[in-house]
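The values are calculated or read from the model by the stated rules, or taken from the named source; none is laboratory data. For clarity, every value in this text was computed on a predicted model and none was experimentally measured. We place every Cβ from the backbone using ideal geometry, glycine too, and count neighbours over all the protein chains shown.
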Amino acid sequence: MKLEVKICGITRLCDAECAVEAGADYLGFVLVRSSKRFIAPEALAGMAELPVKKVGVFADAELDFIREMVETGRLDVVQLHGNETPEFARSIDFAEVWKASYDAGFPAARLVCDGPRGGSGLFGDHRKAAELAKLRPIMLAGGITPENAAELAKLVRPAGIDLAGGVESAPGIKDPLKIRQLFHNLKGSEL
């Protein structure tokens, strides 16, 4: 199976277009106001027509807000990064659901195995992520860079990798050279 790549924390259309052109399978939009990568709903609306799967990242948001953002950005996936319950995840019947969790039983299409704090750039538990990846599809996140992406993908065997800070020049500002280097390094590696 091909390793999928999600470039997260997109705040500018030029960065989104660069990621799509380089080969991203998913673009992530952080809809958590306290995040340094927060995208305003008006800016999200400008991303709706991008020819790629779009992921909205939420933390303890109200269901109505999630539904509204899915419609605004034509989001394909809702990624839950807070203390959402399995019941809350099951109530989202208008988009695919991913959950930042190491709980193998959580009702989500994918688990996002991240570091201790989403968006921190810190590594998660790669051993536990590798065990989960044998059971169900996961997205590996946290501390991934163009330099270590291929090695981590070989080690964990996730369905995909999820990068934000590893391809940025500043929070929310993507670096086109780092994005291209990521895909170059993944292509040159036997995954």
Looking for whichever is modelled with pLDDT of 95 or more, surrounded by fewer than 17 Cβ atoms within 10 Å (Cβ to Cβ) and of a type in the set (D, E, K, R) here; the options are K99, K154. Which one fits?
K154
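Conditions (1) loosely packed, with under 15 Cβ neighbours inside 10 Å; (2) in contact with a Cys (Cβ under 9 Å, 6 or more places away or on another chain), marked per residue:
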site	(1), (2)
I39	no, no
E49	yes, no
V55	no, yes
A59	no, no
Whether any residue in region 88-110 is of a type outside the set (D, E), without any contact (Cβ under 8 Å) to a residue 24 or more places away in the chain and touching a Phe, Trp or Tyr at 6+ places or on another chain (Cβ under 6 Å) is what I want to check.
yes
From the residues in region 12-37 that are in contact with a Gly (Cβ under 8 Å, 6 or more places away or on another chain) and farther than 22 Å from E62 by Cα, which one is surrounded by the most Cβ atoms within 10 Å (Cβ to Cβ)?
Y26
M139: in contact (Cβ under 8 Å) with a residue 12 or more places away in the chain, of a type in the set (A, V, I, L, M) and in a helix (DSSP H, G or I), yes or no?
no
